[in-house]
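*Asks:* Below is the structure I would like to discuss, written out as C-alpha cells.
Derivation of every value follows stated rules applied to the coordinates shown; laboratory data play no part. Remember, it's a predicted structure, so these values are computed and weren't measured experimentally. Positions of Cβ are backbone-derived with ideal geometry, glycine not excepted, and every protein chain shown enters the neighbour counts.
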C-alpha cells in the first residue's frame, strides 16, 4: 500500500507540471499558428508584404501555393511559396 501512495504522490506532483507546460507553451503556439494561417488566407493581389528574408514587395499574382511579388519600381518580380511570407504590412 505504501508503494501505491508513493506513486499517487509523484503523479500528483507531475500532473500540474504538464498542465502548466500546456498553458504556457502549447496553447500560445497554437494561437499564433492559427493567426498566421488566417493572415495567409486573407492575402490578396496588391497587398504589401514582407518575406521571411526581409524582402518587401507588392503581390502581383497568387495561386494555391505561390505568390509573385513585385519588389522595385523596375518591376522586378520574385516568386515565393506562401509560407515564405512573414507578415502583411499595414496600410499607411
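*Asks:* So how far apart, in nm, are the two label points at residue 46 and residue 8 if each is 7 Å from Cα heading toward Cβ?
*Replies:* Rounded to a tenth, the inter-label distance reads 6.8 nm.
*Asks:* Pop a pseudo-label 7 angstrom from the Cα along the beta-carbon direction at both residue 68 and residue 32 and give the gap in nm to one decimal.
*Replies:* Here the modelled spin labels are 3.3 nm apart.
*Asks:* When the chain is modelled as a GNM with alpha-carbon springs shorter than 10 Å, which of 59, 67, 17 fluctuates the most?
*Replies:* Maximum among the listed residues: 17.
*Asks:* Would you calculate the separation in nanometres between label points at residue 24 and residue 75, each defined as 7 Å from the Cα along the Cα-to-beta-carbon direction?
*Replies:* 5.5
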